[in-house]
Structure formats: structure tokens, C-alpha cells
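Single-structure report; data block below.
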Amino acid sequence: MNARAIRAIYRFEMLRTRRTLLQSLVAPVISTSLYFVVFGTAIGSRIQEVEGVEYGAFIVPGLIMLTVLMQSVTNASFGIYFPKFIGTIYELLSAPVSYFEIVTGYVGAAATKSFVIGLVIYLTANFFVTLPVAHPVWMVGILALTCLSFSLLGFILGILARGFDGLQLVPMLIISPLVFLGGSFYSIEMLPPLWQKITLLNPVVYLVSGFRWSFFGEGDVGIGVSLLAILAFTLACLGVVWWIFRTGYRLRN
């Protein structure tokens with residue numbers, strides 16, 4: 001394994017984030033703060049508690065998941081697509097770097113960015129509400145695994161995308177609605193029985209529920225089921241990446 005190549009790709013992507021700090025870090029924090037103002041004030045005044053948790057605190061895991069999922073996919077997809085777009089991908093392909101090292105560098109950088117943003121949003125949330133963390137180790141672990149899995153998804157989208165429009169299609173039309181309908185701002189137990197069963201088909205429910213469990217010790221779905229769902233999604237993404245390269249797909253396509 002060429003550790004130097006992985007480190008070079010990783011550092012390049014992280015330095016690119018530093019050059020766009022306002023867009024990469026400040027903008028998500030401001031957007032999340034606005035969610036707190038809108039949901040915490042407008043809805044929080046009508047819904048005092050959900051499952052024994054103050055509503056303002058209850059929505060924090062969902063807000064973090066919303067931002068982390070979007071940022072993971074966007075960072076990873078743009079990171080690999082832009083070199084394809086401007087042609088610098090040929091320099092990478094001509095170097096003694098394997099596909100494994102390319103994936104590790106780009107996905108690792110995207111996951112790190114999203115992880116940092118998630119932690120920053122968590123710290124920001126503490127200025128608005130009292131936010132206990134019942135299982136801090138699990139919270140960090142679930143957040144890290146989520147960042148990794150959706151960064152892999154973003155990398156896949158970046159490889160398959162034929163234009164910049166394709167990079168925004170999945171985050172905006174699929175992931176964002178799934179997060180909003182996945183119990184980010186409410187408990188699925190508040191829904192009618194039929195809609196509860198339908199909602200369980202939404203994979204984001206298990207991410208949000210598991211992450212919320214790490215904060216409050218309770219979730220809409222058992223923590224074991226949530227962890228299995230996250231692991232299954234991560235393995236599925238790894239399998240797709242392996243299949244793409246194993247079947248001869250090239251980054252320059």
C-alpha cells in the first residue's frame with residue numbers, strides 16, 4: 001500500500017477545504033442555526049417535549065444527520081468529479097497509485113470534513129439547548145460510520161456523474177427528502193400505525209434513530225437494528241465501489 005499517495009490525496013483535499021472555509025464550514029453551521037431558530041421557536045413553543053426530551057434538544061441529532069449526510073455526499077462526489085472535469089485526473093492515473101489508495105484518500109478526506117462539521121454543529125447546538133450525551137463513544141462511532149458510508153456513496157456518484165447537475169440530483173431529490181421524512185424532527189411513534197410501517201422502509205430512519213439513541217438512550221428503532229442497517233449500507237457501498245473498478249470502469253470515463 002502506497003501510504004504516501006494516500007496522504008498526498010488526503011492533504012490536497014483538506015487544503016482545498018481550508019481555501020473554501022466559508023462555504024465548507026461556516027455555511028452549514030449558519031444553516032443549522034437557522035433551523036434551531038425556526039423549529040425551536042415556532043414548533044418548540046407548541047411541542048414542549050417528545051418522548052420526555054425537550055423538543056429543541058430532540059431535533060439536534062436529526063439536524064446533525066441532515067447536514068452530515070448532505071456534506072458527505074457533496075464533498076466526496078465533487079472531490080473526485082472535479083479532477084475528471086478539468087482533466088487533472090490523468091496525472092493521478094499515470095502515477096503509481098492503485099484504485100484502493102485513490103478511494104481511501106478521497107473518501108477519507110470527505111468523511112473527515114463531514115465529521116468535523118458534525119462536531120461543530122453539536123458544539124453550536126449547546127448554545128441553544130441543554131444537550132446531554134448518554135453514550136458519547138457510540139455517538140462518535142455512529143457519526144464516523146455515517147460519514148464514511150455516505151462519503152463512499154458520494155464517491156460512487158462522482159464517478160458515475162456525467163455533469164455537475166448529476167452531482168446534485170441524489171442529495172437534493174433523494175437524500176434530503178429521506179432525512180426530513182426519516183424522523184429527524186419528530187418521532188415516528190407520532191404517526192398513524194400505517195405510516196409508521198411505511199416509514200420503516202426509509203433507511204435514514206435507522207441512522208437518525210441510532211444517533212438519537214446515543215444522545216438520549218432512546219430511539220424509534222432498537223440500537224442493534226440501527227447498527228446493522230448502517231453496517232449493511234457501508235458494506236453495500238464498498239461492494240459497489242469494488243464492482244465498478246473490478247469490471248474495468250475507469251475514472252476518466
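The values are calculated or read from the model by the stated rules, or taken from the named source; none is laboratory data. None of these values were measured; they are calculated from a predicted model. Positions of Cβ are backbone-derived with ideal geometry, glycine not excepted, and every protein chain shown enters the neighbour counts. The protein model used for the area step is the full one, side chains on, heavy atoms only, and it has no ligands, DNA or RNA in it. Shrake-Rupley method; radii C 1.70, N 1.55, O 1.52, S 1.80 Å.
Things worth noting here:
- For F127, the criteria (1) of a type in the set (F, W, Y); (2) touching a Leu at 6+ places or on another chain (Cβ under 7 Å); (3) open to solvent by 60 Å² or more (accessible area, probe 1.4 Å) hold in every case but one, which is (2).
- Counted residues, the stretch 84-112 - those being without any contact (Cβ under 8 Å) to a residue 24 or more places away in the chain and outside any helix (DSSP H, G or I): 2
- Matching helices (runs of 4 or more DSSP H) fully within the stretch 136-253 where at least 1 residues are open to solvent by less than 40 Å² (accessible area, probe 1.4 Å) and at pLDDT 80 or above: 136-160, 176-180, 193-199, 204-216, 223-246
- Residue check, T124 within 26 Å of V38 (Cα to Cα), among the hydroxyl-bearing types (S, T, Y) and touching an Asp or Glu at 6+ places or on another chain (Cβ under 9 Å): no
- Residues (hydrophobic (A, V, I, L, M, F, W, C) and at pLDDT below 90) located in the stretch 96-115: V97, F100, I102, V103
To keep it simple, each residue is scored yes or no on (1) closer than 14 Å to V68 by Cα; (2) among the basic types (K, R); (3) under 20 Å from the mean Cα position of the chain (by Cα).
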{"residue": "S94", "(1), (2), (3)": "no, no, no"}
{"residue": "A110", "(1), (2), (3)": "yes, no, yes"}
{"residue": "Y122", "(1), (2), (3)": "yes, no, yes"}
{"residue": "N126", "(1), (2), (3)": "no, no, no"}
{"residue": "V129", "(1), (2), (3)": "no, no, no"}
{"residue": "R162", "(1), (2), (3)": "no, yes, no"}
{"residue": "I174", "(1), (2), (3)": "no, no, yes"}
{"residue": "G182", "(1), (2), (3)": "no, no, yes"}
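- Any hit, the stretch 65-83, residues being at pLDDT below 85, part of a loop (DSSP other than H, G, I, E, B) and at negative phi: no
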